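A.B. asks: Next up is a structure, given as structure tokens.
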Amino acid sequence: MTERLAELSALREQAVRGPSERATEAQHAKGKLTARERIELLLDPGSFTEVEQLRRHRANGFGLEANRPYTDGVVTGWGTVDGRTVFVYAHDFRIFGGALGEAHATKIHKIMDLALAAGAPLVSLNDGAGARIQEGVSALAGYGGIFQRNTKASGVIPQISVMLGPCAGGAAYSPALTDFVFMVRETSQMFITGPDVVRAVTGEEITQNGLGGADVHATTSGVAHFAYDNEETCLSEVRYLLSMLPSNNRENPPSVPCEDPADRSGDALLDLVPADGNRPYDMRKVIEELVDDGDHMEVHERWARNIICTLARLDGQVVGIVANQPQFLAGVLDIEASEKAARFVQLCDAFNIPIVTLLDVPGFLPGVGQEHGGIIRHGAKLLYAYCNATVPRISLILRKAYGGAYIVMDSQSIGADLTYAWPTNEIAVMGAEGAANVIFRKQIAGADDPEAMRARMVKEYKSELMHPYYAAERGLIDDVIDPAGTREVLISSLAMLRTKHADLPSRKHGNPPQ
């Protein structure tokens, strides 16, 4: 037994050490950590339990039979983050460039199955060269098994993909199926076809980072939800995100003790939001004034910046906040903003996170590009997501809420549980100027002084249909509140709604707009 234990210890040491010091140095020279170093940063110290450490491939040909390293290029197992169980797999770029073969894929399949069975989050640390070409179709089938499990786990356990190196071809579809994608600048890239193929087919010259780097996906494509400068910061933020999510869809997000008073007055809000609906302001400052200690984690911060989607806490309870951002495009809804907000609403609903919607929206963005790009079906995605959500939903109208955008942004008519408004609210089909031009077109055209007549008609329309209490008089909002008391109102309302239960009609699944 002593000899066998010594042999086991030597094998484990070999598996942990990896292929060679030279390979480790090469990984570090690229500014990247090894798979095990990354796992140590992600999980609580000493909590990692590895699965199938001694797994090796059984492939033959192309010299593979003479090169059978332990782990087969992926480290899999589970540990804890802040004491809560989390499953993880990490590609080891030092072994076959992290490429996926049959044994490699089988290890990932097993850890994904365990995560789903245990009802715990799954984090993938991606740093691989795609399918292992030497293993042919077996490697491709391995990806199919991963995609199937990503889809099966969707909305059941949180799935987080952390891109720490290259991810090309079909491999990129697994992160795209998960709930969140993190990327690191300069060292991680994602694309379906690389620069060489792009050059050969289209003649376009572009670098790997220019094609699929972190900043491209965080600002242009919307593939990446978060982008950071280094792996240490990235993995620290993954830990923080996990602290805001439940382990699975049968649990509520973890609550924390809160020292920020629930009845704290937000007097600063009176000056943050101008009464003039045409003046911009930073909605982030409003959010920071409302949430616990001003702390929140914004999703897709640099993509579709005319809308904000962020996770925060109110009195220690996690909430998802969707808010128009008047600083960008006046806070209008367009194709990208609709898609961004729709997926965030779906995420919150899947994981029992109440939704607070802050409205200051002048409508949908007009233009040929938007109409031809399908703003109707893309805007319908957000409408569908809200109508389908059964978590507690509270909307607050800060200033303007015009037209279809008002309805889509969780109005009472599509199922918001409670709707509040500030005294500066303006709810209407359109702005007063546009409405007056339509309704009083003949009077304005026939007047001796058309501009004076237009101004008088605008004033009349505002006084009749756009005063702050018009919607309240008709029961379309529940109350007009003092901005300074918004935090207290939201917290007390969410506390009341904590036991909300709502069932959807029995069906296999809906057919959301695409």
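The values are calculated or read from the model by the stated rules, or taken from the named source; none is laboratory data. Predicted, not measured: the structure shown is a model, and the values here were computed from it. So basically every Cβ, Gly included, is an ideal-geometry build from the backbone, and we count neighbours across all protein chains shown. The area values use the complete protein model at the heavy-atom level, side chains included, leaving out ligands, DNA and RNA. Shrake-Rupley method; radii C 1.70, N 1.55, O 1.52, S 1.80 Å.
A.B. asks: In the stretch 407-514, what trypsin sites (Lys or Arg not before Pro) fall in a loop by DSSP, with at most 14 other Cβ atoms inside 10 Å?
C.D. replies: Within the stretch 407-514, the qualifying trypsin sites (Lys or Arg not before Pro) (loop, at most 14 other Cβ atoms within 10 Å) are 474, 498, 500, 507, 508.
A.B. asks: Distance from the Cα centre of the stretch 413-475 to that of the stretch 1-48, in angstrom?
C.D. replies: Answer, in whole Å: 67.
A.B. asks: Using the alpha-carbon centroid of each, what span in Å lies between the stretch 54-133 and the stretch 246-303?
C.D. replies: So the two Cα centres are separated by 39 Å.
A.B. asks: For the chain, the longest stretch holding no GluC sites (Glu not before Pro) located in a DSSP loop with at most 11 other Cβ atoms within 10 Å is which?
C.D. replies: With a cap of 11 other Cβ atoms within 10 Å, the longest stretch comes to 260-514.
A.B. asks: Which number do you get for Rg(Cα) / (2.2 N^0.38 Å) in the chain?
C.D. replies: Cα Rg divided by the expected 2.2 N^0.38 Å: 1.12.
A.B. asks: Moving to a separate point now. So which chymotrypsin sites (Phe, Trp or Tyr not before Pro) in the stretch 453-485 end up in coil per DSSP with only 15 or fewer other C-beta atoms within 10 Å?
C.D. replies: Those that pass, being in a loop and sparsely packed, are 469.
A.B. asks: Another question about this same structure. For the modelled label position 7 Å from the Cα of residue 80 along Cα-to-Cβ, which residues of the stretch 31-45 have backbone nitrogen atoms closer than 13 Å?
C.D. replies: Taking a point 7 Å out along Cα→Cβ of residue 80, the residues of the stretch 31-45 whose backbone N falls under 13 Å are 43-45.
A.B. asks: Starting from the Kirkwood Rh over alpha-carbon pairs, what translational D in µm² s⁻¹ does the stretch 401-450 have by Stokes-Einstein at 10 °C and 1.306 mPa s?
C.D. replies: Using the Kirkwood radius from Cα pairs, D works out to 122 µm²/s.
A.B. asks: Turning to a different aspect of this structure: Nearest 500 deg cm²/dmol is fine: what mean residue ellipticity at 222 nm does the chain get from its DSSP H runs of n ≥ 4 alone, each adding -39,500 (n - 2.57), divided by its residue count?
C.D. replies: Roughly -11000 deg cm²/dmol at 222 nm, from the helical runs in the chain.
A.B. asks: Given a 1.4 Å probe and every protein chain left where it sits, what share in percent of the accessible area of the chain is carbon and sulfur?
C.D. replies: Answer for the chain is 53 percent, counting heavy atoms of protein chains only.
A.B. asks: In Å², what does the accessible area per residue of the stretch 213-307 work out to with a 1.4 Å probe?
C.D. replies: I get 46 Å² per residue for this part.
A.B. asks: Okay, next question. Restricting to the chain, compute how many DSSP beta bridges are antiparallel as a %, nearest 5.
C.D. replies: Close to 40 percent.
A.B. asks: Leaving out ligands and nucleic acids, and using a 1.4 Å probe, what accessible area per residue does the stretch 45-194 come to in Å²?
C.D. replies: 36 Å²
A.B. asks: Over all alpha-carbon pairs in the stretch 97-208, figure out the percentage whose distance exceeds 17 Å.
C.D. replies: Beyond 17 Å sits 56 percent of the P(r) for the stretch 97-208.
A.B. asks: Could you let me know the centre-to-centre spacing of the stretch 173-208 and the stretch 323-396, using Cα atoms, in angstrom?
C.D. replies: 27 Å
A.B. asks: Also: Given 190, 137, 224, which one lies farthest toward the positive end of the charge dipole of the stretch 134-284, if we put +1 on the Cβ of every Lys and Arg and -1 on the Cβ of every Asp and Glu?
C.D. replies: Working it through, the farthest residue towards the positive pole turns out to be 137.
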